[in-house]
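Read the structure below first, then the notes.
The values are calculated or read from the model by the stated rules, or taken from the named source; none is laboratory data. Please read these numbers as outputs of a predicted model, since none were measured by experiment. Quick reminder, even Gly has a Cβ in these numbers, built from the backbone with ideal geometry, and neighbours come from all protein chains shown.
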Amino acid sequence: MGFVCHASVWRQEMEVTKRILIIDPDIKSRKKYLSYLRGRDYEIETSPNITRALDRIKEVAYDCIVADVNLPEMEGYKAVRIFKTLNPKSQVILTTAKNTIELEARVREQEIFYYYIKSFGKREFCEAVSNVFRKCGKLKEGKKMNKPTKILVIDDDPDFVSATRTILESHKYDVAVAYNKNEAMDRINKFKPDLILLDIMMDRLDDGFTICYKLKHDPKLKNVPVFAISSITEETGFKFSPKTDGEYFEADDYAEKPIESSELLSRVAALLNR
């Protein structure tokens with residue numbers, strides 16, 4: 001039949017099955033997802049296109065359908081209604097290698113469970129799949145839930161903080177905020193963030209430099225990634241770059257304001273997955 005089928009564990013009918021169908025024309029992506037989910041007690045099948053996938057969806061009640069937005073026959077987001085018509089209980093995770101504002105808007109108009117950018121890495125993909133089975137009651141919680149990733153936003157611009165917080169919280173990050181240098185150091189010690197988004201110019205033009213220096217020279221905090229996001233070039237004409245100016249500003253990444261949501265999320269995920 002030409003349909004590729006993979007299974008980690010095939011359980012007997014009396015036991016709970018957790019079924020996943022992965023639809024992606026890129027064989028490397030299909031293999032990557034299989035490697036991510038290996039050993040997690042899922043029944044997994046894969047297909048390179050919608051035509052073969054639909055034949056299987058008519059026969060098998062998949063709990064989770066992972067589909068790329070770029071499929072041979074149609075865009076993946078247009079196929080969501082078909083998936084839901086055949087099985088309303090299936091939860092759909094749409095994936096893409098490259099996101100755009102226009103694409104994200106179209107994707108989020110659909111009845112999907114999660115939108116996954118491939119650069120986000122293994123942890124975010126596996127968590128999205130796990131959440132599907134938590135929702136349908138097929139995955140029992142352990143004694144301790146995985147705690148959400150903590151991100152601290154340090155910036156004196158309330159509009160930027162509000163927009164950034166909304167973007168991050170929509171992707172299940174636990175977000176805290178500090179609006180100045182003194183508040184930042186207190187919040188860092190109490191909140192214990194996994195990642196810090198840091199403005200450079202606040203009450204003083206060098207506040208961000210001071211905070212970053214303290215972090216990177218504190219044995220307990222030096223491994224917390226710092227992502228600097230600033231309008232320093234626009235405001236001062238100073239063209240900052242960690243590659244050339246890293247000696248006195250040891251940020252792990254840097255971006256100029258404004259930054260698109262897809263770029264922000266991609267770079268945040270890359271820093272967290274290092």
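General remarks:
- The set of residues in segment 77-108 that are surrounded by 18 or more Cβ atoms within 10 Å (Cβ to Cβ) and among the aliphatic types (A, V, I, L, M) comprises Ala79, Val80, Val92, Ile93, Leu94, Leu103, Val107.
- For segment 77-107, the set of residues classified as of a type in the set (S, T, N, Q) and in a helix (DSSP H, G or I) consists of Thr85 only.
- Meets criteria (out of contact with any Ser or Thr (no Cβ under 9 Å at 6 or more places or on another chain) and of a type in the set (Val, Ile, Thr)) for Val16: yes
- Residue check for Thr100: β-branched (Val, Ile, Thr), out of contact with any strand residue (DSSP E or B) (no Cβ under 8 Å at 6 or more places or on another chain) and within 23 Å of Leu265 (Cα to Cα): yes
- Among residues of segment 155-168 that are closer than 19 Å to Ser266 by Cβ, those with a Cβ under 6 angstrom from a residue that is modelled with pLDDT under 90 and crowded, with 17+ Cβ neighbours inside 10 Å, sequence gap 6+ or separate chain, pair up as Ile167/Ser261.
- The residue that is surrounded by the most Cβ atoms within 10 Å (Cβ to Cβ), counting only those in segment 18-76 that are assigned to a strand (DSSP E or B) and of a type in the set (A, V, I, L, M), is Val66.
- If you go through segment 221-239 and keep only what is closer than 22 Å to Leu195 by Cβ and either surrounded by fewer than 18 Cβ atoms within 10 Å (Cβ to Cβ) or modelled with pLDDT of 70 or more (or both), you end up with Leu221, Lys222, Asn223, Val224, Pro225, Val226, Phe227, Ala228, Ile229, Ser230, Ser231.
- Helices (runs of 4 or more DSSP H) (entirely within segment 136-217) containing at least 2 residues that are of a type in the set (Lys, Arg) and under 25 Å from Glu250 (Cα atoms): 181-191, 207-216
- Test for Ala228: is it in a helix (DSSP H, G or I) and in contact (Cβ under 8 Å) with a residue 24 or more places away in the chain: no
- Residue within segment 203-210 that is under 17 Å from the mean Cα position of the chain (by Cα) and either at pLDDT 90 or above or of a type in the set (Ser, Thr, Tyr) (or both) present: no
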